[in-house]
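For reference, the structure is listed below as structure tokens.
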């Protein structure tokens, strides 16, 4: 795919030339709709977060006011007493639509491309997958650190003390302890009174490999009638719906998660767990435009996705820092 730069000339010949030119009108809503559908089918972060306010955004800088359910006081009652009443204090958080990514494509004739579903599908597939990589990577990196301090570290848990690892001393996972680590994360959420439904766990392929080697033949852990060793499918572990992703935050030795220097550390990565209420996300393909190519015949197509993400309930989020 040709990268378009200022003053650049797009080659007329290429593997996807469509001549002669077709007539008609570019329909941006079709492209936008296809990209949205394909993006949400591919993204992990959009699946583990709640998207209740998806339809309330229109552009960059929008704010969505989210009302949290207040905690109502329960008082002891005796016959004949005067009842007291409280006025619940408003408890709101703001979801700011302050993130955006875009793509730009040059084609010799947009209308002809649009008339060929296989080419249109190819472009929208790739654009949505590349957008997914950017959005998931950014969201994972900038949300995991907001987990409640009680849910992380070498002494995680409101009641228990579970070692989930630290940057200085990551947890060494193996086939004989990976399942215990996952169930510890589940217990940590239990101690925060997090609902059992809609829990999720995101692991890397490395943890999936360890699970395949573990005693996960105990099918009840997987919520399945067959062992994972037999069917190779990860469904659920101890009330978690399990996702495998290559986009979780990771750091090389002596680096932090954004690639900067962090002396004294070792190679490590994150695996995350939580409840859908912990994370909120709203995003959409906000702009889809075509314009004449100033340097050649044909069109330039560009799309803009805007989104916002926020940790709404830190107590419903946990993570482990593991080596490797």
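The values are calculated or read from the model by the stated rules, or taken from the named source; none is laboratory data. Predicted model, so just to flag it, every value in this text is computed and none were measured. With ideal geometry, Cβ positions are generated from the backbone for all residues, glycine too; neighbour counts draw on all protein chains shown.
Numbers for the structure displayed
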read-out: Contacts under 6 angstrom Cβ, first residue in the stretch 61-76 being over 30 Å from residue 100 (Cα atoms), partner surrounded by fewer than 10 Cβ atoms within 10 Å (Cβ to Cβ), 6 or more apart; value: 73/86
read-out: Meets criteria (surrounded by 13 or more Cβ atoms within 10 Å (Cβ to Cβ), modelled with pLDDT under 75, touching a strand residue (DSSP E or B) at 6+ places or on another chain (Cβ under 9 Å) and in a helix (DSSP H, G or I)) for residue 66; value: no
read-out: Candidate set: the stretch 171-196, residues that are free of Cβ contacts under 8 Å to residues at least 12 places away in the same chain and surrounded by fewer than 14 Cβ atoms within 10 Å (Cβ to Cβ); chosen: the one nearest to residue 313 (Cα to Cα); value: 193
read-out: Within the stretch 165-202, tally of residues that are in contact with a helix residue (DSSP H, G or I) (Cβ under 7 Å, 6 or more places away or on another chain) and assigned to a loop (DSSP other than H, G, I, E, B); value: 5
read-out: Identity of the residue in the stretch 240-256, in a loop (DSSP other than H, G, I, E, B) and touching a helix residue (DSSP H, G or I) at 6+ places or on another chain (Cβ under 6 Å), that ends up surrounded by the most Cβ atoms within 10 Å (Cβ to Cβ); value: 248
read-out: Count of residues meeting criterion [buried (at least 20 other Cβ atoms within 10 Å of the Cβ) and touching a strand residue (DSSP E or B) at 6+ places or on another chain (Cβ under 7 Å)] in the stretch 197-219; value: 6
read-out: Wholly enclosed strands (runs of 3 or more DSSP E) of the stretch 271-324 bearing at least 2 residues in contact with a strand residue (DSSP E or B) (Cβ under 6 Å, 6 or more places away or on another chain), under 26 Å from residue 36 (Cα atoms) and in the same structural domain as residue 66 (by TED's automatic domain parsing); value: 279-292, 299-311
read-out: For residue 274: the one exception among (1) crowded, with 20+ Cβ neighbours inside 10 Å; (2) over 24 Å from residue 207 (Cβ atoms); (3) at pLDDT 85 or above; value: (2)
read-out: Boolean, residue 153 is at positive phi and touching a strand residue (DSSP E or B) at 6+ places or on another chain (Cβ under 6 Å); value: no
read-out: Residues of the stretch 125-152 satisfying the condition of being crowded, with 20+ Cβ neighbours inside 10 Å and more than 27 Å from residue 33 (Cα to Cα); value: 143, 144, 147, 151, 152
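The rows are residues; the columns are (1) under 16 Å from the mean Cα position of the chain (by Cα); (2) at pLDDT 75 or above.
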site: 23; (1), (2): no, no
site: 27; (1), (2): no, no
site: 30; (1), (2): no, yes
site: 39; (1), (2): yes, yes
site: 46; (1), (2): yes, yes
site: 54; (1), (2): yes, no
site: 59; (1), (2): no, no
site: 71; (1), (2): no, yes
